[in-house]
Structures are given as C-alpha cells and as structure tokens.
Amino acid sequence: MAVSWLHKFAARGRVPVFPVLGKQGDGVLRHLALSPRIELVDSPRHASVLLVAGEVPADRCEPLRRVHDQLPYPFTTLWFRSEPWPHLERVARIDDLDDLPGALVTAHRELMEGRRGSAHRLLPDEPPNPWEGEGDFGQGGEGMMGGVPYGRPMAMNMEDDIRDGLTLDSLTFRLGPFFFAFPPGMAAEITLQGDLVQTWKTQLAPYPQPLDEVFFDARQRPVPIAEVELARARHHLHQLFHALHLAGLENVSLRTLRLAHGLSTSSTLDGLRRALSRRGFFRLTAGGGVLGPEQARMIGGPAARAAGLDDDLRAEDAGYRRLGFSPVCQTAGDTHARWRQLLDEIDQSLHLARLAERDRVHTERTGSVETPRGPWSARRPADASALFDELLPGLEWGDALATVASLDVAGLADQPVGTRPSGESRAVRGGTGNDV
Amino acid sequence: MFSELFLPVLMVIFMLVVGGYAVAVLDRLVASALGVPQAGGIWLAPMARGAWLLTQHANATEAPDWRAWRLAPALYLALAAGGLAVVPWSASLVATDLVTSVVLWGSVEALATVVIFLHGWSANSLLALIGGYRYVALGLSYILISMFVLIGVALPAESLQFTQVVASQEGLWNVIRQPLGLPLFLIVGLGMTFWGPLNLADSTDLAGGTASEISGPPRLVWDMARAAMLVAFSGVAATAFLGGWLGPWLPGPLWISLKMLAVLSVLLLLGRLLPRLAPERCVTLMWVVLLPLSFIDLVWAGIGALL
C-alpha cells in the first residue's frame with residue numbers, strides 16, 4: 001500500500017529525461033527545455049526516460065547501448081523520429097514534436113505506476129575489457145604502480161605538466177558522442193592532469209548541422225533579407241542558449257530560448273545583453289580558447305570576425321550594401337570575444353531585418369551566402385572539430401568546454417532543417433517497436 | 001535524561017527535515033520568480049522528487065570504492081547535523097552548547113572538504129573525480145577566510161561559544177560592528193556548500209560532478225545533505241553576524257528562524273542570479289582579494305575589541 005502510494009506520488013513530479021541526440025535531434029532539446037513537466041538532465045544516472053532523438057548513425061550505436069545501460073532501474077526509452085531497434089520490447093516511436101512532452105510524461109507515469117515494465121540491460125554486466133590485474137592490489141604492474149587492469153592504463157604521472165609545474169597523475173578517457181556539452185555526435189579522447197587538458201584528440205566529428213531553409217534558397221534566388229537575418233539571429237540565440245546552460249545560468253538560458261522562439265523584427269536584445277553583463281557572464285565565467293588568424297580563417301563566420309577578420313559575404317551583396325551593412329568585429333579572438341561578437345551580430349541582424357522589412361529589400365547575389373556558420377560559396381562550411389586538438393590542450397576543463405560551446409565547428413548538412421536524413425524509414429506515428 | 005539526550009537529537013532531526021524542505025521550496029520559488037518553469041505545486045514538488053528518488057535503484061559504477069561511496073552522502077549529512085547542533089535558538093535552547101562551538105563549526109568546514117572529495121573519488125568515475133579535485137582546490141581557499149572572519153566575531157565575545165557570540169551582540173550586531181564580516185562569510189558559505197557561482201564540485205560542466213554517477217536513495221541523501229548544510233550555514237551566519245535570537249517582541253527561536261530564512265534567500269538568489277565562476281578566477285579571487293580583506297576584517301575586529 002505504502003509502496004503504491006510512493007510510486008503514485010513519484011509519478012507527479014517533473015520527468016527527468018536524458019536526451020541522446022542523433023542527426024537533427026538537437027531541435028528537440030530546445031522544444032523540451034521550455035516544457036514545465038520535463039526536466040532535461042545531463043547525466044544518464046539522473047534520468048527516468050532515455051530519449052533517442054533523431055537517427056543515430058551505425059558507428060554511434062555501441063555508445064548508445066552503453067548509455068542505455070547507465071540509466072538506473074526502473075527506466076524506459078522513447079524514440080523520436082528514429083526507428084527503435086527491433087529487439088527492444090514495447091518501445092514507442094513518436095514523430096510529432098508537439099506530442100513528445102505528453103508522451104514522455106505518460107511513459108514516466110506508466111513506469112512509476114507499474115503499468116509499464118522497466119527496460120532491460122542490453123549489454124552483459126561485466127567490464128568492457130578483461131581483467132588483467134596482477135600484484136597485491138590487482139593493479140597489474142609492479143608494486144603499486146603501472147599496469148592496465150581493465151585495458152586502461154592506471155592514472156600515472158607519465159607526462160610533464162604543461163602549466164605550473166604541479167605534476168598530477170595523467171588520466172586518459174574517451175567522452176562522447178552523447179556528452180551534453182559537446183556538439184551532437186562528437187567524441188574525443190582526452191588526457192587530463194587534475195582538471196587541466198593535457199591532450200585532446202577529436203575521434204568522431206559532430207553530425208553535419210542543418211540550417212534554416214532560407215539559406216539554401218538564398219543561393220538559388222533572391223530572398224527577403226529580413227527572413228535571412230531573423231534565421232541567422234535565431235541560430236545564434238540557440239548557440240547562446242546551450243552555452244548559458246553550461247555556465248549555470250539556467251534562467252537566462254531559457255529567456256534566450258524564449259526570445260529565439262518568438263523572434264520577430266520587433267524583438268530587441270537590450271534586456272538579454274543587460275542581464276548577461278550585470279551577472280558577470282563576460283567577466284566571471286570560464287574563457288580562454290584564443291584563435292590564431294589561421295585557425296579563425298579555418299572556422300570562418302562569427303568566430304573569425306571575433307578574432308578580427310572582417311570577412312563577410314554580405315558585404316558583397318548590393319541588397320545588404322543598400323541597408324548600410326558593414327561587418328562588426330572583435331579583436332581578442334577568445335571565448336568571451338566570441339560571445340560579444342555573437343550578441344553584436346544578433347543585434348545587427350535584428351536591425352537589418354527591421355530595415356529590410358520596412359523597405360522590402362531582398363538579397364541580390366545568388367550562388368553564395370554568408371551562413372551563421374560561415375561563408376558558403378563553392379563549398380559548404382566543412383567540419384572544423386579537428387581544431388580542438390590544437391586549441392584545447394593547456395586549458396582547464398571549464399575553459400575547454402566553454403571554448404567548445406563558443407565555437408560552431410560542425411560542417412553544414414546538405415539539407416535544411418526539418419528534412420529527414422536520406423534513408424530514414426517512413427514515420428509511424430505513435431507506433432511501437434517489435435518484440436524480441 | 002530527555003532534555004540532555006533526546007531533545008537535542010530531536011531538535012537536530014527536526015531541523016534537518018524542515019530545513020531541507022524549506023531550501024527545496026525556497027529554491028523553486030526563486031527559480032519560478034526568475035522564469036524557470038515549475039510543474040505542479042511548488043510545495044509538493046520536492047516530495048514528489050523525493051518519492052521518485054526512493055523508487056529509483058542506486059546504480060553501480062565499474063569497481064567503485066563501495067563503502068566510501070555509500071558513506072559519503074551520510075557523512076555529509078552528519079556534518080550538517082553537527083553544524084545545526086551548535087546553532088543556538090535562544091539563550092537556553094541549544095542542542096549542544098559547547099564552549100568551543102565556533103571551533104566545531106570550523107572543523108565541519110574542514111571535514112566537508114574531505115567528505116566531498118571522498119564522494120567524487122570513490123565513484124571511480126571521471127567527471128566525479130574532477131569535481132572532487134576542484135572542491136579541494138577551492139576548499140583550501142575558503143577555509144582560511146572563514147577562520148579569520150569567525151575569529152573576528154569571537155574577539156568581542158571573548159569566547160569561542162556561539163551563545164556568547166550572540167550575547168556580545170546585545171548592543172550592536174556584528175553585521176554593523178564588522179561590516180566586512182557577513183559579505184565575506186556569505187561567499188565562504190557559497191563555497192562551502194558549493195552552491196550557485198561557487199558550485200565547482202557538482203557543476204553543470206561536469207554533468208553533476210561528484211553527484212554525476214549517483215541515483216536513487218544515495219542521491220536523495222546527498223541532495224538533502226546539501227540542503228541541510230545550507231541551513232546549518234545560515235544558522236551560523238545568523239548567529240555570528242545578525243544577533244542570533246536577539247530581537248524585540250517575537251520569541252528568540254522565531255527571530256533566528258527569520259534571520260536564517262533571510263540568509264538562505266540571499267544565498268539561493270545569488271545561486272540563481274550569478275553564473276559559475278571559472279575555477280582559476282575563483283581561487284585568484286579568494287587568495288588575492290578576499291583573504292586580504294579577511295585580514296582587514298580581523299584587524300578591525302581586534303581594534304574594536306581593544307577600544
């Protein structure tokens with residue numbers, strides 16, 4: 001009786017959801033973040049529902065199985081615009097974004113009230129590598145040192161410190177492709193000393209990111225500049241939303257998201273900029289990650305302009321020139337400069353959108369477009385995540401993640417937002433996966 | 001027998017439960033006021049969350065130090081209980097009126113560093129370990145500041161007993177007598193309870209840090225312990241700087257409860273308003289700015305005591 005009461009009570013709380021992002025899955029995060037019944041969590045240990053959002057490529061399926069098995073019992077899974085694996089029992093697939101919050105709440109409630117059984121583990125409960133321990137403490141080497149007891153080296157002082165001479169044990173590990181603070185799909189092998197990044201090797205590049213359709217149209221034909229600039233501002237606001245969550249400013253991050261959702265030519269950035277400035281976002285939070293000129297050029301877009309390069313294809317468009325456009329730039333090239341740059345560009349985009357809407361100005365140059373990710377002329381902006389390998393060593397963990405958040409490195413997808421990646425099966429609304 | 005043994009224990013347990021619940025509700029109220037969506041009733045939400053954590057299994061990691069991992073949340077809760085035990089509710093209503101209660105609080109702060117590191121380290125997991133490392137780096141910084149500030153309030157009382165510290169504020173509260181003391185101590189509080197801008201141990205960039213790998217009942221105990229430590233800290237701050245139970249018209253326990261609520265509200269508001277400080281900036285701030293300020297506070301308090 002008491003247990004039943006407890007479960008019913010547990011079903012009334014917010015639903016803790018751990019999102020695993022597949023291709024084009026990140027839009028789901030922004031939709032769910034504003035839902036009062038859903039709590040997006042950063043660790044699978046803190047979740048009741050595992051949400052697989054978007055198609056997960058074959059090379060990320062093994063990590064997905066490992067994340068799946070990290071959720072504590074009882075838990076359940078829900079697949080959004082992605083086909084559940086056939087061997088999973090009673091797994092729901094949802095395709096309509098508006099139905100998703102309700103489906104998550106129902107799944108959690110049914111789980112708590114015992115009307116839905118918990119998902120089962122997919123992998124055997126054993127170490128991923130065989131035990132190779134030797135010696136008194138099973139450490140595998142001589143005395144207290146050395147060895148690879150589970151296929152991983154012991155944390156040992158094998159590399160010189162690169163900062164202040166305080167040499168700590170090196171710890172090598174792999175993170176991603178579903179770590180919330182990385183661009184979706186990215187994985188890296190990292191060596192830390194304390195919380196200082198010693199080495200960083202990007203192993204899986206992030207998924208190509210889709211852009212708003214208007215940027216694809218702008219390459220084909222003249223489009224209203226107001227539309228292009230609002231889409232650009234929205235893209236930047238989405239990036240800022242993730243960074244503010246990472247910085248621990250949850251309420252401002254949601255405010256940013258609300259601004260992005262309701263963005264129009266009458267929107268202003270003043271309130272948000274003031275809030276960020278007053279709360280010390282530009283002074284107190286993690287920073288670093290200075291881009292050199294070559295690195296800045298390699299990434300392009302706002303990151304390059306934050307490092308002082310004034311390259312912007314909009315300057316070559318007669319429509320933009322008529323609106324008095326000239327690129328805005330910063331000089332420092334670090335994380336904080338990139339946030340200032342982003343805010344300046346959002347402001348500028350809103351201003352241009354207002355003018356363009358009033359005067360009905362369209363783009364005039366086709367064949368190339370300045371996307372929020374960088375210039376797209378002959379080739380789409382390509383993945384630049386390998387840049388992290390040279391940029392992040394020497395930074396503290398917080399600075400490294402802030403740098404990752406401030407750089408839009410994923411290459412551009414060949415299809416706009418909302419287009420299903422090729423090869424995805426037909427949507428089955430509210431359907432279930434097959435039994436084992 | 002009842003008043004010496006059971007009453008103090010009951011008082012502390014009551015404060016752990018009521019205080020923990022108050023923190024959960026207040027934090028949701030603050031979040032709601034700042035635009036973070038809250039589902040259902042704010043009063044019931046903490047209990048629904050507690051019920052969910054009770055139904056969730058405590059998970060395992062690969063080869064954790066089981067004893068330390070399971071003990072750490074309980075030890076942190078015990079430290080919070082120790083802190084609450086020395087907070088005086090009136091001249092006579094104190095769970096344990098030690099003559100060295102200020103020193104006992106100092107030891108709670110120091111041992112918290114050990115317990116939080118233990119929590120991060122024993123999970124045998126990467127992000128939890130980094131959280132533990134960070135807390136040790138921060139802990140060393142804030143403990144010194146806390147020590148100087150608390151010696152400052154002990155000087156006019158000529159005692160290390162919190163009841164005497166309150167009695168010494170009969171004419172003038174320490175918040176006015178030593179103007180640097182309370183602001184410095186509030187920063188110490190955010191650091192010690194790793195809350196808001198100084199939450200480097202269980203931070204979002206570590207997916208929950210030392211708590212990133214825990215679930216179910218251990219997580220519930222850890223969350224309760226963190227809330228209880230905030231309450232204990234608020235009690236000590238109200239006692240040391242805001243005159244404890246002193247105040248007109250209302251009974252002493254009500255006065256200190258109100259003062260504790262005020263301190264709690266300030267801490268929770270700061271926690272929601274400010275971003276997390278970068279660890280290096282945080283340590284620099286502590287050693288270069290706040291520690292010298294705490295020296296000045298101590299000298300100020302010493303001169304005040306001599307005059």
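Computed from the coordinates by the stated procedures, all read-outs in this text should not be read as laboratory data. This is a predicted model, so every value here is computed, not measured. Here Cβ is always computed from backbone atoms with ideal geometry, including for glycine, and neighbour counts include all displayed protein chains.
Observations, loosely collected:
- Between 0 and 90°, nearest 10: helix A:225-246 axis offset from chain A longest Cα axis: 30 degrees
- Taking Lys and Arg as +1 and Asp and Glu as -1, the other residues whose beta-carbon sits under 13 Å from that of A:Arg109 total +4.
- For segment A:2-112, alpha-carbon Rg over 2.2 N^0.38 Å: 1.02
- Using a Förster distance of 45 Å, the FRET efficiency for A:Asp125-B:Val17 (Cβ separation, nearest 0.05): 0.80
- Note on A:Lys23: lysines with a C-alpha under 28 Å away, same-chain residues under 8 apart excluded, are A:Lys201.
- Of the DSSP H helices in chain B, those whose Cα atoms cover at least 27 Å axially and whose Kyte score averages -0.5 or more: B:7-33, B:66-85, B:101-122, B:126-157, B:216-241, B:252-273
- Footprinting exposure proxy for B:Ser122, B:Ser107 (fewest neighbouring C-beta atoms within 10 Å first): B:Ser107, B:Ser122
- Counting every other Cβ atom within 10 Å of each residue's Cβ, A:Glu39, A:Glu110 order from fewest to most as A:Glu110, A:Glu39.
- Across segment B:2-306, counting alpha-carbon atoms alone, Rg and Dmax equal 18.9, 59 Å.
- Taking all Cα pairs closer than 8 Å and separated by 6 or more residues, the relative contact order of segment B:2-306 comes to 27 percent.
- Neighbour counts of C-beta atoms inside 10 Å place A:Asp217, B:Asp205 in the sequence A:Asp217, B:Asp205, starting with the fewest.
- Across all Cα pairs in the protein assembly as shown, the calculated P(r) in 10 Å bins from zero up to the longest distance comes to 3, 13, 22, 24, 20, 12, 5, 1, 0, 0 percent per bin.
- Label-reachable residues, segment B:218-247, where backbone N falls under 17 Å from a point 7 Å from B:Leu7's Cα toward its Cβ: none
- Remark: relative contact order (chain A) = 18 percent; criterion is Cα-Cα distance under 8 angstrom and separation of 6 or more residues.
- Net +/- balance of residues flanking B:Gly304 in space, Cβ distance below 13 Å, scoring K and R +1, D and E -1: -1
- Radius, Kirkwood style, for segment B:1-102 when every pair of distinct Cα atoms is counted (Å): 16.6 Å
- Whole-number D in µm²/s for segment B:159-291 (Stokes-Einstein; Kirkwood sum over Cα pairs; 37 °C, 0.692 mPa s): 203 µm²/s
- For segment A:209-332: rounded, prolate or oblate by the Cα gyration tensor [a/c cutoff 1.5]: oblate
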